[in-house]
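Participant: Provided herewith is a single structure, encoded as structure tokens, for subsequent inquiry.
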Amino acid sequence: MKRYLLGLLALAMLLGMAGCASSQAAGGDDRTIKIAVMDSSLVYSSDDSYENGIAMAIEDLNTLYGEQGYEISYEFYDDGAFYQQGLGVINEILADPEITAVVGTSSLNLLDVTADVLNSAGKLLITYYSSSDSLFENGYTHVFRNCFGENDLGSAIAEYASGRPDIERVAVYHSDTSYERGMVQAFLRAAQGTGLQIVDIALSTSLESELDEILRRWETLDVDTVFVSQYDAYYAFDILQRVRGINPGMNILGDFSFDYTDDLIANAGISDDIYIAGPVAIEPSAELEEFYQRYEEKYGSEPTQWAVQLYDSVRMVADTAVRIGSTDPTDIAQALHDENGYSAVSGTVMFDEKGKLSGRTPRIMVSENGAFDFIGE
């Protein structure tokens, strides 16, 4: 009860600060564009592509617009994926009137309060990693999703699976959390009327005895494919180890809980051929190939999709501000609803009236040698 009351008090303080911060937001005549990147340092340390993509965007923007008097920068705020630490980060962001927009966070347990507080403060929020469909039923005007939601992803992976002749008898293993439940429900809906047989659905468990029982049940049911949707990567890779330890040829379908380079490499030998619906919209193009080439020349390594995603998300804010001649977050938010969309490296980014990415469908990715790539690339 004490923790609940403290949470309410913290939220009330944040909302109070939001009201003050809204009058201090960056003005339309200002040419300072500061972007706060809010996320867990654990996510960023797992893959250099995140930070490198941001750095490339900032460098390109200042090269393009520096002579026009624009000063464009970013600062990383480590929310630790913890609620209490995240509240402190939001306080810091609200206290800085120069911050034009926030890009983040990958932590779903922080995203609801982040969206609510920043929208009330009149600051722009671009979600780049994941965010639930329900978040965009709140009437927000300053919150945009530059990625897919759980319904998009669940439907896409089911559609892919239904076209694979070696996928017939599917078991589902998921966290008992709202986002993952939504993804599984979308998967089940899309599987109806196809050749997929959903033979078992199990909630993730930390008890060895329960997991052993689930694995024995799947053997009895002649399961050939496991669809894994997890809030925590630990449980995703735990079930991968257990399932492929018994049957190395087991088909694995999943979500972005598998998309951690360090874990994929640590599980080399069993982590190839995991199929997920890519959470971000990236389409092949000459512009994309040119970006990949520049990245490799600059950093000496191949980028993951997160370099492209962060590059586009950061540039979208600043390019739009320069195009309309205003760094005011409200003006930028209105401009992001332009019917022509924003021309990004990844393709044309368009948002519907609620702020959700529109006009795009997820592509399927496969893991190989410690990284995910889109099929066919």
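The values are calculated or read from the model by the stated rules, or taken from the named source; none is laboratory data. As the structure is a computational prediction, the values presented were derived from the model and not from experiment. Cβ placement follows ideal geometry from the backbone for every residue including glycine, while neighbour counts extend to all protein chains displayed.
Participant: Quick check on the stretch 322-336. Is at least one of its residues closer than 30 Å to residue 164 by Cα and small (Gly, Ala, Ser)? Explain how you work it out, then say what you get.
Facilitator: Here is the first cut: in the stretch 322-336, the ones closer than 30 Å to residue 164 by Cα are none.
The answer is no, given that none of the residues of the stretch 322-336 is closer than 30 Å to residue 164 by Cα and small (Gly, Ala, Ser).
Participant: While we're on this one: Looking only at residues in the stretch 281-298 that are hydroxyl-bearing (Ser, Thr, Tyr) and farther than 25 Å from residue 358 by Cβ, which one is surrounded by the most Cβ atoms within 10 Å (Cβ to Cβ)?
Facilitator: 295
Participant: Quick one: in the stretch 35-84, of everything that is in contact (Cβ under 8 Å) with a residue 60 or more places away in the chain and among the β-branched types (Val, Ile, Thr), which residue is surrounded by the most Cβ atoms within 10 Å (Cβ to Cβ)?
Facilitator: Among those that are in contact (Cβ under 8 Å) with a residue 60 or more places away in the chain and among the β-branched types (Val, Ile, Thr), it is 72.
Participant: Only residues that are free of Cβ contacts under 8 Å to residues at least 60 places away in the same chain, buried (at least 16 other Cβ atoms within 10 Å of the Cβ) and out of contact with any Asp or Glu (no Cβ under 8 Å at 6 or more places or on another chain): list them for the stretch 215-231, please.
Facilitator: Selection gives 215, 226.
Participant: Can you find, within the stretch 303-348, the residue that is surrounded by the fewest Cβ atoms within 10 Å (Cβ to Cβ) among those that are among the hydrophobic types (A, V, I, L, M, F, W, C) and over 30 Å from residue 261 (Cβ atoms)?
Facilitator: Let us first name the residues in the stretch 303-348 that are among the hydrophobic types (A, V, I, L, M, F, W, C), namely 306-308, 310, 314, 316-318, 321-322, 324, 332-333, 335-336, 344-345.
From what is left, the residues that are over 30 Å from residue 261 (Cβ atoms) are 321-322, 324, 332-333, 335-336.
On the way: 321: 28, 322: 17, 324: 16, 332: 26, 333: 24, 335: 14, 336: 22.
Among residues in the stretch 303-348 that are among the hydrophobic types (A, V, I, L, M, F, W, C) and over 30 Å from residue 261 (Cβ atoms), the one surrounded by the fewest Cβ atoms within 10 Å (Cβ to Cβ) is 335.
Participant: State which residue pairs qualify: first residue assigned by TED's automatic domain parsing to the domain that holds residue 166 and inside the stretch 238-253, second residue surrounded by 16 or more Cβ atoms within 10 Å (Cβ to Cβ) and among the basic types (Lys, Arg) in any location, beta carbons under 6 Å apart, and separation of 6 or more residues or different chains.
Facilitator: 250/244
Quick grid of which residues meet (1) over 17 Å from the mean Cα position of the chain (by Cα); (2) in the same structural domain as residue 163 (by TED's automatic domain parsing); (3) of a type in the set (S, T, N, Q):
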site	(1), (2), (3)
297	yes, no, no
302	yes, no, no
308	no, no, no
316	no, no, no
323	yes, no, no
367	yes, no, yes
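Participant: With respect to residue 130, determine if the residue is in contact with an Asp or Glu (Cβ under 6 Å, 6 or more places away or on another chain) and either buried (at least 18 other Cβ atoms within 10 Å of the Cβ) or farther than 24 Å from residue 299 by Cα (or both). So that I can check it myself, show each step before the final result.
Facilitator: Details: in contact with an Asp or Glu (Cβ under 6 Å, 6 or more places away or on another chain): no; either buried (at least 18 other Cβ atoms within 10 Å of the Cβ) or farther than 24 Å from residue 299 by Cα (or both): yes.
Judged against the criteria, residue 130 is not a match.
Participant: OK, next. Given 168, 210, which one is over 25 Å from residue 106 (Cβ atoms), without any contact (Cβ under 8 Å) to a residue 40 or more places away in the chain and not assigned by TED's automatic domain parsing to the domain that holds residue 82? Explain how you work it out, then say what you get.
Facilitator: On the way: 168 fails: without any contact (Cβ under 8 Å) to a residue 40 or more places away in the chain.
Result of the check over 168, 210: 210.
Participant: Follow-up question, since we're still on this one. Being farther than 13 Å from residue 226 by Cβ and among the hydrophobic types (A, V, I, L, M, F, W, C) is the filter; apply it to the stretch 173-195 and report the residue that is farthest from the chain's Cα centre (by Cα). Don't jump to the end; show me each part of the working.
Facilitator: From the stretch 173-195, those farther than 13 Å from residue 226 by Cβ are 175-183, 185-186, 188-195; that's our starting set.
From what's left, among the hydrophobic types (A, V, I, L, M, F, W, C): 183, 186, 188, 190-191.
Values: 183: 14, 186: 18, 188: 22, 190: 22, 191: 24 Å.
If we take residues in the stretch 173-195 being farther than 13 Å from residue 226 by Cβ and among the hydrophobic types (A, V, I, L, M, F, W, C), then 191 is farthest from the chain's Cα centre (by Cα).
Participant: Pick from the stretch 85-115 the residues that are without any contact (Cβ under 8 Å) to a residue 40 or more places away in the chain and surrounded by fewer than 23 Cβ atoms within 10 Å (Cβ to Cβ): which of them is farthest from residue 30 (Cα to Cα)?
Facilitator: 109
Participant: Scan the stretch 246-276 for residues that are outside any loop (DSSP other than H, G, I, E, B) and at pLDDT 95 or above and report the count.
Facilitator: Step one: filter the stretch 246-276 for residues outside any loop (DSSP other than H, G, I, E, B), giving 246, 251-254, 256-258, 261-266, 274-276.
Right, trim to at pLDDT 95 or above and you get 251-254, 274-276.
The number of residues fulfilling the criteria is 7.
Participant: Output the helices (runs of 4 or more DSSP H) that fall wholly within the stretch 106-208 and possess 2 or more residues being touching a Lys or Arg at 6+ places or on another chain (Cβ under 9 Å), or say none. Full working, then the answer.
Facilitator: On the way: elements: 108-121, 150-162, 178-191.
Fully inside the stretch 106-208 and qualifying: 150-162.
Participant: So which pairs qualify, if the first residue must be in the stretch 123-141 and in the same structural domain as residue 36 (by TED's automatic domain parsing), the second must be modelled with pLDDT of 95 or more and among the charged types (D, E, K, R), the Cβ gap must be under 6 Å, and the two must be at least 6 apart or on different chains?
Facilitator: What qualifies is 127/145; 131/145; 136/354; 136/356.
Participant: Out of everything in the stretch 190-209 that is over 14 Å from residue 167 (Cα atoms) and β-branched (Val, Ile, Thr), what residue ends up being surrounded by the fewest Cβ atoms within 10 Å (Cβ to Cβ)?
Facilitator: Checking each candidate, the answer is 201.
Participant: Still on this structure, I have one more. From (1) out of contact with any Leu (no Cβ under 6 Å at 6 or more places or on another chain); (2) surrounded by fewer than 19 Cβ atoms within 10 Å (Cβ to Cβ); (3) farther than 24 Å from residue 306 by Cβ, pick out the condition that doesn't hold for residue 162.
Facilitator: Failing condition for residue 162: (1).
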